[in-house]
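Peer 1: Submitted below is the structure of interest, expressed as structure tokens.
The values are calculated or read from the model by the stated rules, or taken from the named source; none is laboratory data. Note that the coordinates shown come from a computational prediction; the quantities given were computed from them, not determined experimentally. So basically every Cβ, Gly included, is an ideal-geometry build from the backbone, and we count neighbours across all protein chains shown. The accessibility values were calculated without ligands, DNA or RNA, using every heavy atom of the protein model including side chains. Shrake-Rupley method; radii C 1.70, N 1.55, O 1.52, S 1.80 Å.
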Amino acid sequence: MKNMLALAAFVWFAGASISYFQYQRPVQLSGAGQHYITVDDVVWKHARSDLGDLRLYAGQTEIPYALVAERGTQERQRMPVPVLQQSTQAGKTEFLIDMSTLAEYNHVNLELATKNFVAHARVEGSDDLHGKHWALLGDSILYDLSNENLGSNSMLRLPLATFKYLRVTVDGPVKPKDVLRATSEMAEEQPALWRDVSSSPKEEHAGKDTVFTFEVAENVPVERVIFAVDATQPNFKRRIEIQNEKGGSIGSGEINRIHMVRGGQKIDSEDNDVAISSNGQKVVKVVVHNGDDPPLNLTGARLQQLERRLYFDGSAQAGPALYYGDEKLEQPVYDYSKLFLRDKTPVPAQLGPEVPNPAYSARPDDRAWSERHPVVLWIAIIIAVVTLGGVALRSIRRVTA
């Protein structure tokens, strides 16, 4: 019974209800399917800093979502690659593989009909199918030890390559007709998405240092500072220090530009951003330590955060709304988030203007009675102490009388 009452109290005080959200924004969809909302400065201003109070509703129905920080991903997709001209050359099996559909690769999986064998494979690469000169990429050992229950290997391992065609020569019992098909993997990279989170900084020089001072909106996390360096700036390497309003360190690193030739080899390196771990800082100072060198020719500096998106399934007829502004609400737990897979082309949804929630009412005060009425509690304690003191005093008088 006590457990049931505790659970009911938890749901009552911490569960989601439209009436407990202070703010709402309409969401405009385009068709059906997977959509996403980008968390903007307006949402950051009035939502919790962890975004745990964001909820989507279509009418009175809660819509599950997945909150994603767009850090970038790399997905690998296995795909078939054509096997061409299986033949016998000088007693060895030779065939070509068309790799032109892949930008780069480092292995090829063969499907072979041969069983219980060990063979040596030589792999060469070229961009000209009929060319005379092929580059040696490496050797692999192919085997199938089914009789001994020791498994098999039919993978050609290669250095990272971009040749359009591979020529494979196999010595051993693998016959041309046994080479059935081949597959490799294509990497699809999604870059990280960044958004600016501050206005133009105040730039000043303090001794040999260049100092940028940024003002940041409340609740907005900051995850990197990025510099714009003029193209005419020669090679450099500078230490960067990032401080809060009181001068405490919240990040450090270095930026550099190196374009030179050494030993006949060209070196090109450029790094213009430094990571920060800052949340709730209203002022961020970025110090460029120039040492004894002239200040860098910087054309700008920006504070940025990873873009946060809410992915959800919706339809144009649903007319959902985004609600937020409930400090006591628990983080949502959705199967949709646990099993989330991003579509290839999710559709951006547009957020309308923020308005106060007309149905808003404050949550019931869930504090203990003693915390809500401390004065009454202290009066009761004092009365109890005085009463007990009086009883004790009368008892002492009776004993001594």
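Every residue, every condition in (1) buried (at least 18 other Cβ atoms within 10 Å of the Cβ); (2) under 19 Å from Lys177 (Cβ atoms), yes or no:
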| residue | (1), (2) |
| --- | --- |
| Ser87 | no, yes |
| Glu104 | no, no |
| Lys115 | no, yes |
| Ser140 | yes, no |
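Peer 1: Here's something else I'd like to know. So how many residues does segment 68-85 have that are open to solvent by 70 Å² or more (accessible area, probe 1.4 Å), part of a strand (DSSP E or B) and farther than 29 Å from Glu124 by Cβ?
Peer 2: Total satisfying the criteria: 1.
Peer 1: Restricted to segment 323-350, and to residues that are closer than 16 Å to Asp53 by Cβ and hydrophobic (A, V, I, L, M, F, W, C), which residue is modelled with the highest pLDDT?
Peer 2: Once the filter is applied, the top-ranked residue is Val333.
Peer 1: Could I ask something else about it? Which ones in segment 142-183 are polar (S, T, N, Q), in a strand (DSSP E or B) and either open to solvent by less than 60 Å² (accessible area, probe 1.4 Å) or in contact (Cβ under 8 Å) with a residue 40 or more places away in the chain (or both)?
Peer 2: Across segment 142-183, the qualifying residues are Asn153, Thr169, Thr183.
Peer 1: Filter segment 184-208 down to the residues that are of a type in the set (D, E, K, R) and farther than 30 Å from Val220 by Cβ, then identify the one that is least open to solvent (accessible area, probe 1.4 Å).
Peer 2: Glu185
Peer 1: Going through segment 28-43 one residue at a time, which ones are part of a strand (DSSP E or B) and more than 18 Å from Val68 (Cα to Cα)?
Peer 2: Result: Gln28, single match.
Peer 1: Right, next: Looking at (1) within 13 Å of Ala321 (Cβ to Cβ); (2) touching a strand residue (DSSP E or B) at 6+ places or on another chain (Cβ under 9 Å), which is the only condition Thr61 fails?
Peer 2: Failing condition for Thr61: (2).
Peer 1: If you scan segment 94-107, which residues turn out to be in a strand (DSSP E or B) and modelled with pLDDT under 95?
Peer 2: Correct list: Tyr105, Asn106, His107.
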